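Below you'll find the structure I mean.
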Amino acid sequence: MPFVASQVLSDADASQGPMDVRDADAFRRDVLEAREPTMVLFWATWCPFCRRVKPEFDRLALDLRIRAATVYLDDESNPLWDDYDVQVVPTIALFRGGELVDRENGVLGYGLDRRAVREFSNRVAPLLS
């Protein structure tokens, strides 16, 4: 069954796709303090599995018209690695009301595929409204 969110973004917001979040301050402001639930892709530009799944995540956010963010973890000293116990990138997660409510960890040496991203979005659909 396809995902349908009852709370969708405006046409202007939906056409923008996921926002880029590059540091902990931006993460706090744009994800944790957001009034809307936010689906997050923790990723790194050096990760080939991340580069493979990012276009799928971007399409999903546009297709479903949900609030989404790609969180860059290129710097190993970024505190978000530890704050959210990100062991493998890519990892996708849902934040709502400043809290992590669900996540799908990437698999070491494989990452995530289209099916895993879609299954995650279907699983968290009830939490997006």
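Bear in mind these aren't lab numbers, they're just calculated from the coordinates by the rules spelled out. Just so it is clear, the structure is predicted and the values come from calculations on it, not from any experiment. Don't worry about glycine lacking a Cβ; one is built from the backbone with ideal geometry, like all the others, and counts go over all protein chains shown.
What is the magnitude of the charge dipole of the chain about its Cα centre, with +1 placed on the Cβ of each Lys and Arg, -1 on the Cβ of each Asp and Glu, and no other charges, expressed in debye to the nearest 20?
520
So for each of 86-93, 36-43 I average, over its residues, the number of other beta carbons within 10 Å; can you give me the resulting order with the highest mean first?
Highest-to-lowest ranking by the protection proxy: 36-43, 86-93.
Mind listing which GluC sites (Glu not before Pro) in the range 73-129 are in a DSSP loop and have 15 or fewer other Cβ atoms within 10 Å?
76
With the cut-off at 1.5 for a/c, could you classify the range 16-124 from its C-alpha gyration tensor as rounded, prolate or oblate?
Taking the square roots of the gyration eigenvalues as a ≥ b ≥ c, the range 16-124 is rounded.
Using per-residue counts of other Cβ atoms within 10 Å, averaged over each peptide, order 52-58, 24-30 from highest down.
Descending packing order for the listed peptides: 52-58, 24-30.
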